Amino acid sequence: MKFRYKVLIINMLLLSAVLLAVGYVILKRSYDLALDTQIENAVLENNLAEASIEYSLLSVINSPRYNLDRELDSISGQVYAGMMSDTSDLIILYSGNQVFSSEENIIIPDDLILQVDNNIKNYIITEEDGRLFIYIASFCKIDKGILNIITRRDITGLKRFVKKSINDYRSLSLIILTSATLIIYIISYFLTRPLEKLNDVTDAFARGSYSKRSSIKGHDEVALLSDKFNQMADSVETHIDELNDMIKRRDQFVADFTHEIKTPMTAIIGYADTMRSTDLDEDQQLMALNYIFSEGKRLEDMSMKLFDLIYLKSNTIDKKPISAVSFGNDIVNSVDPILSSDDISLKYEFEQGIITGDRELLKTVFINLIDNARKASSKGSRVIFKGDKKGEFYCFTVQDFGVGIEEKDLSRICDEFYMVDKSRSRKKGGAGLGLSLASLILNRHDADMKIESTPNVGTTFKISFKLYEEDNGKNMNE
Amino acid sequence: MLKILIVEDEKPISDLIVMNLTRAGYKCTALYDGESAADMLETNNFDLILLDIMLPKINGYELMEYIRPMNIPVIFITAKASLDDRIKGLTSGAEDYLVKPFEIVELLARINIVLRRYNKTESILTFKDITVDTENHIVKKGDTAVSLTPKEFELLVVFIRNKNITLFRDRLYELVWPELIYSDELSETRTLDLHIQRLRKKLDLKNDLKTIYNAGYRLTE
């Protein structure tokens with residue numbers, strides 16, 4: 001059930017109960033009040049009748065001869081006609097016998113006279129044939145007998161009054177309830193509307209529209225909830241975007257990988273197939289075997305680098321302090337033979353400094369970068385490899401004066417399998433993984449890599465590491 | 001001699017195709033990017049183009065737009081194997097689409113089909129004194145007609161088209177009995193050997209149609 005209906009029903013139930021209780025109390029009180037007035041009036045009427053009758057009787061009694069019964073009847077008749085209202089009746093009993101009755105067939109309630117005592121009046125309210133009567137009896141001694149003056153007053157009007165009051169109250173209550181229902185419904189509608197809106201948004205969100213946001217403004221709880229929801233939605237969306245991005249990158253990686261692996265595979269299979277199927281002359285045989293070997297090597301290189309990539313992505317790096325000078329010289333020793341075989345000279349210079357990292361992984365990075373520099377350079381060119389301290393950073397620079405990289409390629413050169421010049425890169429044994437591996441390794445070392453390049457002028461790689469804190473540099477790894 | 005232009009930026013693959021097509025009797029021209037291919041097409045005529053899609057400078061699709069009005073059949077050779085790529089390749093006007101890695105015999109077969117479609121292959125094949133009219137399915141040895149069953153005929157055509165190439169058993173089954181490739185009895189069946197014997201006998205090819213031990217057969221000229 002909707003919240004607003006719950007609010008409505010609870011409010012209606014409460015309001016009805018209050019109306020009922022209030023109505024009961026008010027009606028009861030006004031009934032009691034009206035009854036009291038009626039009783040008072042009836043008593044007054046009785047008193048009046050009593051006084052008149054007694055007064056008239058006084059003169060009768062003082063006369064020498066009288067017939068009390070007859071006199072009573074005539075006096076009563078006069079009193080009744082003269083001073084009593086139309087709705088009242090008068091009955092006179094003398095020593096228990098009825099001597100006057102303004103109306104026939106009035107049955108006097110039994111308890112009325114029995115309880116009447118000297119100077120005390122008694123009243124009884126009875127209901128006869130749907131009519132309400134109040135009987136008042138008074139008591140006095142006349143001669144030797146007891147005179148009971150009984151007045152009966154029709155108070156059916158009271159009943160009608162009560163009935164009318166109840167009806168009025170009922171109509172009033174109905175009006176109150178109806179308008180209250182309407183008002184409460186409208187109020188609860190506007191109170192719960194934001195909740196419903198939020199609900200719609202949540203629903204859409206749950207069904208995959210991750211860009212949906214709640215637009216509820218304000219400072220109440222719902223607005224707060226809405227804000228929290230938006231915060232949650234933001235973080236979910238970011239995560240989902242990241243996930244999608246990751247999946248896309250992975251798909252791209254797999255696609256690139258299969259594409260890259262197909263070329264060497266086609267060559268290897270093709271040359272092997274040609275060799276087993278046909279009789280090649282010696283030159284052709286050598287060429288085929290050469291291709292099988294070099295393409296096989298390329299596959300091997302690719303698989304090694306891929307393994308490193310996967311390993312790096314899922315493992316932590318064991319960082320140790322490294323002396324920049326010994327590290328740099330180490331790399332120079334490794335790359336010098338390949339560079340000199342291509343007739344490229346290497347200029348190097350390293351300032352003292354200590355960085356931290358995995359020596360072997362970092363070696364891979366710089367060997368890769370210098371090898372890239374070699375591939376970009378032509379014979380007789382040179383490559384500069386140097387290290388400088390810059391504030392709290394240590395900066396390695398690898399600079400070549402080769403073909404350079406165009407600006408459109410710069411942002412993509414670290415992508416897996418991306419090659420600026422495919423045929424050139426292949427010819428020199430590249431697989432398109434070197435730089436992506438290097439940038440991943442540097443990334444895991446919190447090192448920053450900057451590339452500056454101008455086509456046909458050269459390329460400069462600048463890699464800066466945070467310097468190792470001097471005071472705890474005692475267990476240096478040389 | 002039929003002229004084939006090979007536009008492929010991977011030198012090893014290009015060399016491989018050239019090596020095999022030259023042996024099969026085609027005159028090959030190899031280029032390594034789209035731009036030089038377009039330049040070449042301006043001044044030279046070719047019977048068929050083998051075109052890689054991922055090329056430097058001008059890619060295969062773009063080059064295809066340029067080739068289309070020339071009415072030269074094109075076979076795409078590419079590592080892109082997704083359905084979208086195939087559809088794009090074929091709707092761009094290429095005659096066929098070959099996905100890397102491919103086998104040489106398959107490449108030759110596809111080239112042959114496309115050339116036949118363009119009526120560029122000769123319908124009469126010859127081997128020594130044997131002539132085969134592939135259009136009318138007539139085989140003559142000297143001047144006498146030899147009657148061959150359809151499978152024997154197909155097998156003979158495959159051998160003559162792939163002269164001096166060792167055809168491996170599985171390859172032969174693929175080309176002549178494609179329906180048997182996926183059956184379990186392939187390893188035990190003697191169908192191929194039986195047909196070879198029949199061909200040798202009917203056309204007197206005992207010395208030319210050689211058995212290559214542990215591999216298959218070869219028709220040697």
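Table for the structure above
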quantity	calculated
For A:LEU132, distant residues with modelled amide H under 5 Å away	A:ILE155, A:THR156
Dipole magnitude of chain A about its Cα centre (Cβ charges: Lys, Arg +1; Asp, Glu -1), debye to nearest 20	880
Long-range amide H partners of A:LEU346 with built H, under 5 Å	A:VAL383
Exposure proxy ranking, count of Cβ atoms within 10 Å, fewest first, for B:THR126, A:THR278	B:THR126, A:THR278
Neighbour-limited loop hits for GluC sites (Glu not before Pro), segment A:58-116 (at most 15 other Cβ within 10 Å; DSSP other than H, G, I, E, B)	A:GLU103, A:GLU104
DSSP-loop trypsin sites (Lys or Arg not before Pro) across segment A:1-93, with at most 15 other Cβ within 10 angstrom	A:LYS2, A:ARG65
Whole-Hz couplings from phi, Karplus 6.51/-1.76/1.60, listed for segment B:191-197; x for Gly and Pro	3, 4, 4, 4, 5, 4, 4
Computed label-point distance, nm, for sites A:ASN333 and A:SER59 using a 7 Å Cα→Cβ extension	15.9
Nearest 10 degrees, 0 to 90: helix B:34-43 Cα axis against chain B principal axis	80
For segment B:60-102: relative contact order, % (alpha-carbon pairs under 8 angstrom, 6 or more apart)	47
Per-residue mean of C-beta atoms belonging to partner chains within 10 Å, peptide B:13-23	5
Relative contact order (percent, whole number), segment A:3-164, Cα cutoff 8 Å, 6+ residue spacing	22
GluC sites (Glu not before Pro) within segment B:145-205: DSSP coil, no more than 10 neighbouring Cβ in 10 Å	B:GLU188
From the C-alpha gyration tensor of segment A:316-466, square roots of 5λ in Å	24, 18, 14
Average beta carbon contacts from partner chains per residue of B:96-102, 10 Å cutoff	4
Cross-link reach list, lysines versus A:LYS466, counting only Cα pairs under 19 Å and skipping chain neighbours closer than eight places	A:LYS319, A:LYS320, A:LYS363, A:LYS386, A:LYS389, A:LYS390, A:LYS450, A:LYS474
Dipole of the protein assembly as shown, positive end: most advanced residue of A:SER235, A:LEU280, A:PHE293 [Cβ charges, Cα centre]	A:LEU280
DSSP-defined beta bridges in the protein assembly as shown - what % are antiparallel, rounded to 5	75
Descending semi-axes in whole angstrom, ellipsoid equivalent of the protein assembly as shown, from the Cα gyration tensor	122, 43, 20
Highest to lowest packing among A:334-342, A:91-99, scored as the average C-beta count within 10 Å	A:91-99, A:334-342
Inter-chain Cβ neighbour average for residues A:289-295, partner chain, 10 Å	2
Convex hull of segment B:116-221 built on C-alpha atoms - directionally averaged projected area, nm²	7.1
Relative contact order of segment A:316-466, defined on C-alpha pairs under 8 angstrom at six or more residues apart (%)	24
Per residue convex hull volume, Cα atoms of segment A:19-70, in Å³	60
Positive-end residue, segment A:316-466 charge dipole about Cα centroid, Cβ charges, pick of A:ILE331, A:SER377, A:GLN399	A:SER377
Isotropic mean projected area of the C-alpha convex hull, segment B:3-117 (nm²)	6.3
Alpha-carbon centroid distance for the pair segment A:73-143 / segment B:1-44, whole angstrom	141
nm² value of the averaged projected area, convex hull over the Cα atoms of segment A:210-310	9.5
3J(HN,Hα) from dihedral phi, segment A:249-258, Karplus parametrisation 6.51/-1.76/1.60, rounded to Hz, x for glycine, proline	4, 5, 4, 4, 4, 4, 4, 4, 4, 4
Whole-Hz couplings from phi, Karplus 6.51/-1.76/1.60, listed for segment A:362-370; x for Gly and Pro	5, 4, 4, 4, 6, 4, 4, 5, 5
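Every number in this text was worked out from the coordinates using simple rules, so none of it is lab data. No experiment lies behind these values; they were computed from the predicted model shown. Cβ sites come from the backbone with ideal geometry, for glycine too, and all protein chains shown count toward neighbours.
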